[in-house]
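What follows is a single structure, written as structure tokens, with notes after it.
Nothing in this text is a laboratory measurement; each read-out follows from the coordinates by a stated rule. Owing to the predicted nature of the structure, the values given are computational and were not obtained by experimental measurement. Quick reminder, even Gly has a Cβ in these numbers, built from the backbone with ideal geometry, and neighbours come from all protein chains shown.
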Amino acid sequence: MDKILRIDMGAAGGPAVTIDPPGDYAGLGGRALTSAVIAKEVPPECHPLGEDNKLVIAPGLLGGSAAAMSGRISVGCKSPLTGGIKESNSGGQPAQLLGRLGYGAIILEGKPEGDHLYKVVVNKDGVQVVADDSLKMLGNYDLVDKIKSAYGDKVACISIGQAGEMKLAAASVAFSDMEQRPSRHAGRGGVGAVMGSKRVKVIVVDDSGCSMRTPANAEKFKEANKAFVQGLKKHAVTGEGLPTYGTNVLTNVVNEAGGYPTLNFQKGQFEGAAKISGEAQAELENERGGPGSATQGCHRGCVIRCSGTYYDRDGAYVTKQPEYETVWAHGGNCGIDDLDAIARMDRMDDDFGLDTIEMGATIGVAMEAGLAKFGDAEAAIGLLKEVGQGTPLGRILGSGAAVTGRVFGVERVPVVKGQSMPAYDPRAVQGIGVTYATSTMGADHTAGYAVATNLLSVGGSVDPLKPEGQVELSRNLQITTAAIDSTGMCLFIAFAIMDQPETFQALVDLIGAFTGQAMTGDDLTALGQAVLKRERDYNARAGFTAKDDRLPDYFRKEALGPHNVTFQVSDEELDQVFNF
Ligand code: SF4
């Protein structure tokens, strides 16, 4: 990936394209690249929707290669939701296609005059930026269908729905999957609003005529890839749990542990959990003639295949198999135990282009404010419709839980740095609480998934209810995650590489054989540390201080049942997370 594509949407005379060598960014991929560009080129004090912000879309280091699991993509910007640096990660096909086209990143910059909406087409012959107002206010599904009719069934799309066009802070960027559906999203932090501010509706990626990227040392690469895949297949989580039930296998596990945030984080267990669990989901899909398990990858080259398809009662496609965090957000968090209603909301989120976690958390806050009753699925669907329609209420909800809480006077608002907490209560899973509090991204489980060690005994075992050991756990996981996010690998490989030293070594060998540069485990750690330091420095320049590395007050005051526990990790300990 020897070139970077820049599109200055604000250039005099219309959008201007430049294609340059990577320069200062050579050797970087994924999150390392997006965060390096934002840190260097985007003024920390700028308005996230203004001309000075940039949207950076970057496959990982191994994107476009034959390395298993390497098709994830990073989207970076200054976040309209948090006001800090953002990297949001997605599956889908575009990473592999961009890699094969030789692009290390696409950078959208500037701000166009006027109100035209643009389509970008990238193929082996070059790049076209075309005004196309016929795409205005299309949902992602109609949009991708339209693109498919015009460009065929081999292209991949990077797009926004109505929420991105309205520049709502919960807007996502959609990435089309192997079936050319816009079902994979860089959901967090409002990255879709930044794409909307650049007035780019869709980037069509066509890799026809391009071949896979080749490794520097083909033989070693093949050997390492084989060992890596074997390691993934033999681990209980990556070889069995995730492929059998998908991520929703966690519903019963987290609920039994008392860490399942219920009714807007009022309780740690949900009575209806079994009805919306991965097991119930698989049974339902079996009844409806679907495969009944998680049999699909979100991109070519995924061997864990934690994803699947959700069908309605008549066997018609509704959405991809909703993930654990989505089932929680629109389910237990809102007191809803109806999988069909949850799947409908997942589809609506994907179509409008919204982060499912932010929207579920926001509806939970709205329910607490009395806008709807907990458990009322039709009312929740109604609120989501308002967002897609852009009514005044919908625009408030689409701005996320923090704004909604302020507008409606709610104290219990589960956010850090303005971003909603995902599906693990930090009082019953204290390690994830440390990650929520201190991550450069705002509350984000993927930034340092301490749930693995707190609840699943992966990478050792740390008592989830006690403060001891949580800071070190979160620190190490945040470093490892920042490195993995830079390779283009799916984060779920972490289960196997944390438990199996030979699988970690296979990953290190795989990267080394691909780049041709000797690589050690310490190099990966150093990469993760460098990414985090750069992001922390950016956030400090944007005005963040230690006070922003805190959970909302009520997590220390309100005990969570059934364990009757509050968040116990002290502020002094939280301030030690980035001591490296
Ligand atoms: S394991 Fe799941 S999330 Fe990861 S790449 Fe495969 S399908 Fe996507």
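Points to keep in mind about this one:
- Helices (runs of 4 or more DSSP H) fully within the range 486-565 that include at least 2 residues being over 20 Å from F228 (Cα atoms) and without any contact (Cβ under 8 Å) to a residue 24 or more places away in the chain: 521-541, 554-557.
- Restricting N255, N264, N286 to those that are at positive phi and not β-branched (V, I, T) reduces the list to N264.
- On the stretch given as the range 265-317, residues that are surrounded by fewer than 18 Cβ atoms within 10 Å (Cβ to Cβ) and in a strand (DSSP E or B) total 1.
- Cβ-Cβ under 6 Å pairs, at least 6 apart or on other chains, the range 68-96 side on the phi < 0 side of the Ramachandran plot and charged (D, E, K, R), far side more than 9 Å from the ligand (Cβ to nearest atom) and assigned to a strand (DSSP E or B): R72/N89; K86/C77; E87/S74; E87/G76
- The set of residues in the range 305-335 being more than 15 Å from the ligand (Cβ to nearest atom), among the aromatic types (F, W, Y) and closer than 25 Å to V237 by Cα consists of W328 alone.
- Put simply, of R199, R184, R188 the only residue that is more than 16 Å from the ligand (Cβ to nearest atom) and either basic (K, R) or within 15 Å of P94 (Cβ to Cβ) (or both) is R199.
- All of V144, V127 fail the test of being in contact with a Cys (Cβ under 6 Å, 6 or more places away or on another chain) and in contact (Cβ under 8 Å) with a residue 12 or more places away in the chain, apart from V144.
- Close pairs from the range 297-310: first within 12 Å of Y245 (Cα to Cα), partner more than 6 Å from the ligand (Cβ to nearest atom) and part of a strand (DSSP E or B), Cβ under 6 Å, at least 6 apart: R305/Q296; S307/Q296; S307/K320; G308/Q296
- Annotation note: of K222, K233, the sole residue that is within 14 Å of the ligand (Cβ to nearest atom), over 30 Å from K385 (Cα atoms) and either surrounded by fewer than 24 Cβ atoms within 10 Å (Cβ to Cβ) or basic (K, R) (or both) is K233.
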